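Read through the structure below, which is laid out as structure tokens, and then see the notes.
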Amino acid sequence: MRLANYAGRASIVVDGHAIDVERASNGALSSDPMLLSDLDVHPTLKSIAEAEQADQWPALELARLGAPVPRPPKGFGVALNYRQHATESGLTLPTEPHLFGKMENCVCGPFDEIVVPAGRHEVDYEAELVVVFGRTCRAASAGDAWSYLAGVTCGQDISDRGEQFRLPVKQFTIAKTYDTFGPIGPYLVTLDELPQPDALEIEGRLSGQVMQHSNTSDLIFGVPQLVEWLSRFITFQPGDLIWTGTPGGVGEAQKPPRFLRAGDVVETEIEGIGTMRNPVVER
């Protein structure tokens, strides 16, 4: 299924139409998009999708899509998790995940503005696969990891490099969790839609130019390993997110560096999921 936050309401996208979950269930299910990340509800959503005649519902308008998980209870990002990105950074491959937090305030929709604060001149793009937890998860094994996930979506881990690497104390979490620094969308795609969820083409474009292109099979720590490693310490709940890392080609690594500026458009496309287009403004 392709699940969406459509105009602030939980929806199922079928053949280019948005089926409103609350209305289609005659009020049995909530309109809150957070419902979509609950695996226990997915069988009912599937039944609705199969029973409804899609063309009787509104045609999808992309601009009305919001973040499919608008209020994640918690979120984490993973630094240096593509071999290609570690190489361009001149660093050895990590032996365990390097993690930072991404807070609810950074989450915005797939077509929302990315707001670069005035005076910040080293803000970077990072195209990422984001995984969404769908049930309580604690001490999971890598072999069971996918069963805890409601699905996957596209994401950006927008990063203020000036703050991230500022001395004497590097501020990874702060630099990556400003307001609007975590766009996600356009859909929450369930795993049955993806024949190879651990091998998806991923591309990041900046104002029409391809800057990043890779495959999630290049992840140093794949989704099963990340879920196993993190859930040793943390209990995950439906709606929790992991930004899994970014491929090579980030702005910081360009010669000269290419950071975000007003008027840019950041596009993020992942095979089987869709495309986000986030305009950049400064204020």
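Bear in mind these aren't lab numbers, they're just calculated from the coordinates by the rules spelled out. Since the structure is predicted, the reported quantities are computational estimates derived from the model, not experimental observations. Neighbour counts are summed over all protein chains in view; Cβ atoms, including those assigned to glycine, are modelled from backbone coordinates with ideal geometry.
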| query | Residue farthest toward the positive end of the dipole of the chain, with Cβ of Lys/Arg at +1 and Asp/Glu at -1: which of Q56, T173, P72? | reply | T173
| task | Could you please tell me the mean projected area of the C-alpha convex hull for the stretch 10-71, averaged over all directions and given in square nanometres to one decimal? | result | 4.1 nm²
| query | Which trypsin sites (Lys or Arg not before Pro) does the stretch 165-247 hold that lie in a coil by DSSP with at most 15 other beta carbons within 10 Å? | reply | R166, K170, R232
| task | For the stretch 184-283, run through the chymotrypsin sites (Phe, Trp or Tyr not before Pro) and keep only the ones in DSSP coil with at most 16 other Cβ atoms within 10 Å of their Cβ. | result | F233
| remark: From the Cα centre of the stretch 1-21 to that of the stretch 173-202, the distance in Å is 17 Å
| task | Kindly write out, for the stretch 166-176 in residue order, the coupling ³J(HN,Hα) from the Karplus curve 6.51 cos²θ - 1.76 cosθ + 1.60 (θ = phi - 60°), rounded to whole Hz, with x marking Gly and Pro. | result | 5, 9, x, 10, 6, 10, 4, 5, 4, 5, 10
| request: Would you please give the residues with an amide H less than 5 Å from that of Y82, counting only those at least 5 places away or on a separate chain, with H modeled from the backbone geometry? | output: I220, T246
| said: To make sure I understand, if each residue's beta carbon is the centre and we count other beta carbons within 10 Å, what order do D157, D218 fall in, fewest to most? | reply: D218, D157
| field | Sparse-neighbourhood loop sites, GluC sites (Glu not before Pro) in the stretch 4-100 - DSSP loop, at most 12 other Cβ within 10 angstrom | value | E61
| request: Quick one: which residues, 5+ away or cross-chain, put their amide H under 5 Å from the amide H of V14? H built at 1.01 Å from N. | output: I19
| query | What ³J(HN,Hα) values, in whole Hz, does the Karplus curve 6.51 cos²θ - 1.76 cosθ + 1.60 give for the stretch 269-283 when θ = phi - 60°, with x put for Gly and Pro? | reply | 10, 10, 3, x, 10, x, 10, 9, 9, 10, x, 9, 10, 10, 6
| query | Tell me, what ³J(HN,Hα) does each residue in the stretch 205-211 have, in order and in whole Hz, if you take phi through Karplus 6.51 cos²θ - 1.76 cosθ + 1.60 with θ = phi - 60° and put x for Gly and Pro? | reply | 10, 10, 6, x, 9, 5, 10
| Among N215, N26, N105, residue whose mean-square fluctuation peaks in a GNM of the chain (springs only between Cα atoms under 10 Å) | N26
